[in-house]
Amino acid sequence: MQNQQMPNQQQPIMPQPPHVITTKDLSYINDMLAWNLLAMKKAHFFAGQSQDQAIKMEIEKCGQMHQRHYEMLLAHLQEKQQNNKIM
């Protein structure tokens, strides 16, 4: 068996999102929204359960990060909807 080297299979980074969102893309974005919302809610809950202030602050920062991600995804969807680009 010959030892073959695999070419670098890393995909290029897109400078901006595509102009069209497919049904499959939309389904995945909806999943990402749900995952971020759930993570945000869990972080808020567990921060409220913590008695260590440093841990509480770190968990809140984590929840805020998920909230920012949620809002970015939602803003992207709203922009596409306004431009009637969802297919």
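The values are calculated or read from the model by the stated rules, or taken from the named source; none is laboratory data. Owing to the predicted nature of the structure, the values given are computational and were not obtained by experimental measurement. Cβ: placed from backbone, ideal geometry, glycine included. Neighbour counts: every protein chain shown. The protein model used for the area step is the full one, side chains on, heavy atoms only, and it has no ligands, DNA or RNA in it. Shrake-Rupley method; radii C 1.70, N 1.55, O 1.52, S 1.80 Å.
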Checklist entry - Are there any pairs, at least 6 apart or on different chains, whose C-beta atoms fall under 8 Å, with the first in the stretch 20-33 and at negative phi and among the hydrophobic types (A, V, I, L, M, F, W, C) and the second at pLDDT below 85 and part of a loop (DSSP other than H, G, I, E, B), and if so, which? => result V20/K85; V20/M87; I21/K85; I21/M87
Item to check | Search result, residues across the stretch 35-87 that are more than 16 Å from D25 (Cβ to Cβ) and among the charged types (D, E, K, R) | outcome: K41, K42, D52, K56, E58, E60, K61, R68, E71
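Filter the stretch 1-13 for residues that are at pLDDT below 75 and open to solvent by 100 Å² or more (accessible area, probe 1.4 Å) and give the result.
M1, Q2, N3, Q4, Q5, M6, N8, Q9
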Checklist outcome for this item: Here the residues within the stretch 40-63 that are open to solvent by less than 100 Å² (accessible area, probe 1.4 Å), in a helix (DSSP H, G or I) and free of Cβ contacts under 8 Å to residues at least 12 places away in the same chain are G48, A54, I55, K56
